[in-house]
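Scroll down for the structure; my scribbles are underneath it.
The values are calculated or read from the model by the stated rules, or taken from the named source; none is laboratory data. Remember, predicted model here, so these are calculated numbers, not experimental data. Cβ sites come from the backbone with ideal geometry, for glycine too, and all protein chains shown count toward neighbours. Ligands, DNA and RNA are excluded from the accessible area calculation, which covers all protein heavy atoms including side chains. Shrake-Rupley method; radii C 1.70, N 1.55, O 1.52, S 1.80 Å.
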Amino acid sequence: MLLEKPKRERGFKKERIIRVLLNYEGEEITKYRVAKLAKVSEPWCREYTERLESEDILEDTKILRPKELYEEWIEIRIDPNFLSVSLQRPLEVIQNTDLHHALTTYQGENRIQGMLFPSVTDFYVKEEEIENWLDLVKERGVLVGKNTRLIATDEHVFFNQQQLGEFNIVSTPQLIVDLLEEGGPCKEAGNRLIEKFHGD
C-alpha cells in the first residue's frame with residue numbers, strides 16, 4: 001500500500017491526552033473526562049498526567065506552561081505517514097468529494113490566522129478511506145509531486161476539528177503542533193498561534 005497509518009503504538013495514547021488537554025485549556029475538566037475523551041484508561045491517564053505535573057507543566061488538568069506541553073507532544077509524537085502527490089487545484093478536488101478530510105499546516109493556518117502563503121495542501125485522511133483517496137488521485141493527478149500531501153495517522157487527529165466554509169480543519173492545537181513540526185516559517189506561525197490561542 002502506498003499510504004497507511006502508523007502501526008498502533010503506546011505514543012498514540014500520550015498524544016491523545018495532550019490533544020484533549022490543549023483543546024480544553026481554560027475549562028474545568030477532570031482526569032476521568034480527559035481519559036474518556038482520549039479513549040484511554042483512567043489509570044493510564046492519571047499516570048501520564050502526574051508525570052507532567054511533576055515537571056510543572058500541569059497542575060491537575062490545568063496547563064501551566066503551554067509551550068512546554070507542545071514540546072512534550074513533539075518529543076513523544078509518532079510521525080504520521082504521508083504521500084506526496086501532484087494535484088491540479090487540490091482544494092477543488094477536496095470540495096468535490098464526499099471523502100473526509102482535515103486541512104492542516106499551510107492551508108489550515110491560512111484560514112485560521114493568515115500568516116502563511118498556502119503553497120502546499122496538507123490534509124489528514126481516514127484510514128478506511130485511504131484506498132478511495134488513492135483512486136481519486138490516480139484519476140485527477142499523479143503519484144509524484146510536491147503540492148499536496150495526504151496524511152494518515154491515529155483517528156483521534158480529527159478530535160475537535162473545525163469547519164470553515166466547505167473545508168474541515170484540524171483543531172487549533174493539532175494545527176499548532178503540525179506547524180511546529182514542519183519548521184521554517186511554519187514554526188514561526190505556530191508560535192504566534194500559541195500566543196493567540198493560549199495567551200502565553
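Scanning region 160-183 for residues that are at pLDDT 95 or above and on the phi > 0 side of the Ramachandran plot turns up N160, G183.
Condition (residue is in contact with a helix residue (DSSP H, G or I) (Cβ under 6 Å, 6 or more places away or on another chain), surrounded by 16 or more Cβ atoms within 10 Å (Cβ to Cβ), assigned to a strand (DSSP E or B) and not hydroxyl-bearing (S, T, Y)) applied to region 78-91: is it met by at least one residue? Yes: region 78-91 contains one or more residues that are in contact with a helix residue (DSSP H, G or I) (Cβ under 6 Å, 6 or more places away or on another chain), surrounded by 16 or more Cβ atoms within 10 Å (Cβ to Cβ), assigned to a strand (DSSP E or B) and not hydroxyl-bearing (S, T, Y).
Residues that are surrounded by 21 or more Cβ atoms within 10 Å (Cβ to Cβ): list the strands (runs of 3 or more DSSP E) wholly contained in region 146-200 that include at least 1 such residues.
Numbers: elements: 148-152, 162-164, 167-169.
Here the list reads 148-152, 167-169.
Only one of the numbered conditions (1) among the basic types (K, R); (2) touching a residue at least 40 places away in the same chain (Cβ under 8 Å); (3) open to solvent by 70 Å² or more (accessible area, probe 1.4 Å) is not met by K36, and that is (2).
Where residues in region 50-82 are of a type in the set (S, T, N, Q) and over 20 Å from the mean Cα position of the chain (by Cα), which of them is farthest from N23 (Cα to Cα)?
S54
Which members of region 93-106 meet the condition of being assigned to a helix (DSSP H, G or I) and either open to solvent by 10 Å² or more (accessible area, probe 1.4 Å) or free of Cβ contacts under 8 Å to residues at least 12 places away in the same chain (or both)?
First, the residues of region 93-106 that are assigned to a helix (DSSP H, G or I): 93-95, 105-106.
Across region 93-106, the qualifying residues are Q95, Y106.
Among the β-branched types (V, I, T) and surrounded by 14 or more Cβ atoms within 10 Å (Cβ to Cβ): does that describe I74? It is false that I74 is among the β-branched types (V, I, T) and surrounded by 14 or more Cβ atoms within 10 Å (Cβ to Cβ). Selection of region 107-131 for residues being part of a helix (DSSP H, G or I) and closer than 24 Å to A189 by Cα yields Q107, G108, E109, N110, R111, I112.
Look at I130 and say whether it is among the aliphatic types (A, V, I, L, M) and within 19 Å of S171 (Cα to Cα).
Answer is no for this residue.
Checking P90, P43, P66 one by one, the residue that is touching a residue at least 60 places away in the same chain (Cβ under 8 Å) and either out of contact with any Phe, Trp or Tyr (no Cβ under 7 Å at 6 or more places or on another chain) or in the same structural domain as D154 (by the TED database) (or both) is P66 and no other.
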